[in-house]
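Only the coordinates and a few stated rules stand behind these numbers; no lab work does. Everything numeric here is computed off the predicted structure, so don't read it as measured data. Here the Cβ positions follow ideal geometry from the backbone for every residue, glycine too, while neighbour counts run over all protein chains shown.
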Amino acid sequence: MNITKENIDHLNAVVTIQVAPADYEKQVEDAVKKAQRNIAIPGFRAGKVPAGMVKKMYGKSILAEEINKILNKNLHEYITENNIEILGNPLPKADENKTWENGSNFTFQYDLGLAPAFTVDVFKSTPFPYETVQVDDKIVEKYMADIRRNFGKPVTPDVASEKDVVFVDINELDETGSIKAGGVYKSTSIGIERLKSEAAQKKLIGAKKEDKIVIKANELYEDAIDRSVSLGIDKEMAASFTAPLQLSVKNIARMEDAELNEELFTKMYPDGSIKTEEELRNKVKAELALMFEQDSDRKFMSEAEKILIDSINPALPEDFLKRWLMAVNEKPVTMEQLNAEFDSWARSMKWKLIENKIIKANNITVTTDEATEEARRVVRNHFARYGQNPSEEEIEKNVKSILRKEKEVDQLYENLYRGKVLNLFKTTGQLAKKEVSYNEFFGVKE
């Protein structure tokens, strides 16, 4: 077998493989013998079909299959042994005139998309913006209020306020103001502050049990979809439904904020580490800083990726990659669809090339033990989201399940590599740190 490579340019190459009978005859003969044992033909006992008949009936397909196996194996070994960095997978050149005859010499050609050559030293000399959120008293107070609300207790006040939920029977009224026979009826609850209509909110604030409040359907629920879902009517009817509704108040529910006392502190921190309101505020501030640091890291890496992609801008074999994407896409895709999404996909590919270059240049590795520990962290976090505290045996059972799934293992390694690249940037790169307000960081309008 003879394999040669011709570079078309610095991003494209063609590999030519010449296959002689000596390269495939044994594999083909072995495949024919296997077929003899497995195929069933009327008139012959199982396993006793003559080799000549097998070759006559299946010889060309067997030859093509075995040569394809040889090609795949040798092409992969050639690329690996010669350290050829490719993008995507080799694409075979079509040869419609090829005839599959045993004993023939064959020539096959494959297009390769080559990875571009570039360096990423720029990340050590380029300042990257790193924004942190200023954890001021206003933010702490907001979260303290959330804590009191989340740990509050339900009460049933006599008069509804803006944050209450009212339980009502809704009846459609006719033109005389009486309940319409066969009209819309719904027993439901309404969160006053969730209503989009200020007029509706004003009518419900101050309501008492047994009160009857009349309001038009389109005033109570401004959107047709809201009317459809909340009143239990179809979308077509909801689009033009503006009839007056009578809301009979049956009950009022309110979540009364918890007191900042020892009972609350113990509920939040059973270990007894928090004993005073001041200690709780300091704890909240520290936890917020830690939470916002994760947001800062995500924003920082997003900006760093953008800067590096734009400054390095590694070239890609675009025509090759488009043909490859068309070939491997599970669902049929048109060139118009591919062109519309290609720029976004290409940026992702460029970042992956840059990231891999950084990983290789800085000898970043992820061990099996690290991946296993990351799986444990993922499992513990999953259970924690549902307030569960599993045993170590149950955790290990779930970890083993994750490690048996290739896609999930790949995700573990990807997360760990991403984290190590982030740490490299933060420890060796130039960070232009800037503390900003919560609203500025998250783009919230005042």
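You can think of it this way: the chain between Arg194 and Glu85 has 33.6 nm of extra reach, that is 0.36 nm per residue less the Cα-Cα gap.
Across q = 0.13, 0.19 Å⁻¹, region 154-256 modelled as identical point scatterers on its alpha-carbon atoms has Debye log10 I(q)/I(0) values of -0.43, -0.89, in the order of the q list. Rg and Dmax of region 2-114, both derived from C-alpha coordinates alone, stand at 17.4, 60 Å.
For the chain, adding -39500 (n - 2.57) for each run of n ≥ 4 DSSP H residues and dividing by the number of residues yields -17000 deg cm²/dmol at 222 nm. Kindly state, to the nearest 0.05, the FRET efficiency for Thr107 paired with Ala432, given R0 = 45 Å and r defined as their beta-carbon distance. The formula returns an efficiency of 0.20 here. Among Phe118, Phe241, Phe320, the largest mean-square fluctuation in a Gaussian network model of the chain (Cα springs under 10 Å) belongs to Phe241. Converting phi to 3J(HN,Hα) with the Karplus coefficients 6.51, -1.76 and 1.60 and the offset θ = phi - 60°, region 130-143 yields 10, 8, 10, 8, 6, 8, 8, 4, 4, 5, 4, 4, 4, 6 Hz in sequence order, with x at every glycine or proline. At full extension, Asp30 and Lys209 could sit 55.7 nm farther apart than now, given 0.36 nm per residue minus the alpha carbon distance. The modelled label-to-label distance for the pair Asn2/Glu141, using points 7 Å beyond Cα in the direction of Cβ, is 8.4 nm.
Using a cut-off of 32 Å between Cα atoms, the listed pairs Lys26/Lys322; Lys69/Lys352; Lys306/Lys400; Lys163/Lys275 include Lys26/Lys322; Lys306/Lys400 as exceeding that distance.
Of all the options Pro42, Pro129, Pro390, the one that moves most in a Gaussian network model of the chain with Cα springs shorter than 10 angstrom is Pro42. For region 244-318, the calculated P(r), taken from all Cα-Cα distances in 10 Å bins from zero up to the bin holding the longest distance, is 14, 21, 17, 15, 17, 12, 5 percent.
Cα centroid separation, region 296-359 to region 56-115: 28 Å. Here Val328 and Ala239 are evaluated by their C-beta separation; at R0 = 60 Å the FRET efficiency comes out at 0.85.
Site pair Ala181 and Leu260 shows an inter-label distance of 6.1 nm when each label is modelled 7 Å from Cα along Cα→Cβ. Each Lys and Arg Cβ is given +1 and each Asp and Glu Cβ -1; about its Cα centre, region 58-167 then shows a dipole of about 240 debye.
Computed from label points 7 Å out along Cα-Cβ, the spacing between Asp310 and Lys397 is 5.2 nm.
List the chymotrypsin sites (Phe, Trp or Tyr not before Pro) within region 344-401 that DSSP assigns to loop and that have no more than 14 neighbouring Cβ atoms inside 10 Å. Those that pass, being in a loop and sparsely packed, are Tyr386. Take the Cα pairs of the chain, get the Kirkwood Rh, then feed it into Stokes-Einstein at 4 °C and 1.567 mPa s and tell me D in µm²/s. Using the Kirkwood radius from Cα pairs, D works out to 43 µm²/s. Rounded to 0.05, the FRET efficiency of the Phe383 and Ser344 pair, given R0 = 22 Å and the Cβ-Cβ distance, is 0.05.
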